[in-house]
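K.L.:
Sharing a structure with you now.
The values are calculated or read from the model by the stated rules, or taken from the named source; none is laboratory data. What you see is a predicted model, and the numbers here were worked out from it, not measured in a lab. Here the Cβ is made from the backbone with ideal geometry for all residues, glycine too, and neighbour counts use every protein chain on show.
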């Protein structure tokens with residue numbers, strides 16, 4: 001894998017190569033301990049691309065070395081009430097095992113940033129697991145840092161509630 005041959009592209013959900021790569025990479029991520037350690041469900045494999053395509057503000061970035069899929073970033077447009085502008089939340093970042101450490105993540109995140117600027121967004125947001133140090137290092141290299149509004153109040157935490 002040569003850095004010069006890596007293509008970073010906005011995914012076209014109607015493109016069968018892009019759709020296949022997206023599902024393959026999401027399944028790899030889901031099976032990884034950092035992704036929960038379980039494969040994607042059959043329903044998710046069958047419907048993920050069409051559901052992303054239909055979801056307002058969703059976009060994905062893919063990395064290819066020739067026709068081999070190396071990475072994926074799934075993003076969703078949100079809104080910052082403090083800035084009164086849209087933002088992009090980076091929901092999934094996947095770099096296939098053999099491509100990790102080669103700068104693929106940073107290249108994909110730079111395209112995400114360019115797309116967010118094109119959409120008039122004020123910032124990028126993301127969540128990262130506390131013990132996923134390799135991902136944190138990669139994100140810091142391209143300018144991400146923990147979210148702190150006021151140092152006296154501490155860093156923000158990502159919480160969830162299943163419905």
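K.L.:
Just to check your reading of the model, which residue among 99, 114, 138 is touching a helix residue (DSSP H, G or I) at 6+ places or on another chain (Cβ under 8 Å) and within 15 Å of residue 8 (Cβ to Cβ)?
P.N.:
138
K.L.:
Could you tell me which residue of segment 46-85 is nearest to residue 17 (Cα to Cα), considering only residues that are buried (at least 16 other Cβ atoms within 10 Å of the Cβ) and out of contact with any helix residue (DSSP H, G or I) (no Cβ under 8 Å at 6 or more places or on another chain)?
P.N.:
Going through the qualifying residues, I end up with 76.
K.L.:
Same structure, new question: Starting from residues that are within 14 Å of the chain's Cα centre (by Cα) and either surrounded by 13 or more Cβ atoms within 10 Å (Cβ to Cβ) or modelled with pLDDT of 95 or more (or both), keep the ones in segment 128-146 and report whichever is farthest from residue 6 (Cα to Cα).
P.N.:
For segment 128-146, the residue satisfying everything is 128.
K.L.:
Can you pull out the residues in segment 24-45 that are exposed (fewer than 13 other Cβ atoms within 10 Å of the Cβ) and part of a helix (DSSP H, G or I)?
P.N.:
33, 42, 43, listed by residue number.
K.L.:
Taking into account only those residues within segment 95-125 that are outside any helix (DSSP H, G or I), in contact (Cβ under 8 Å) with a residue 40 or more places away in the chain and out of contact with any strand residue (DSSP E or B) (no Cβ under 7 Å at 6 or more places or on another chain), which is surrounded by the fewest Cβ atoms within 10 Å (Cβ to Cβ)?
P.N.:
In this case the residue turns out to be 103.
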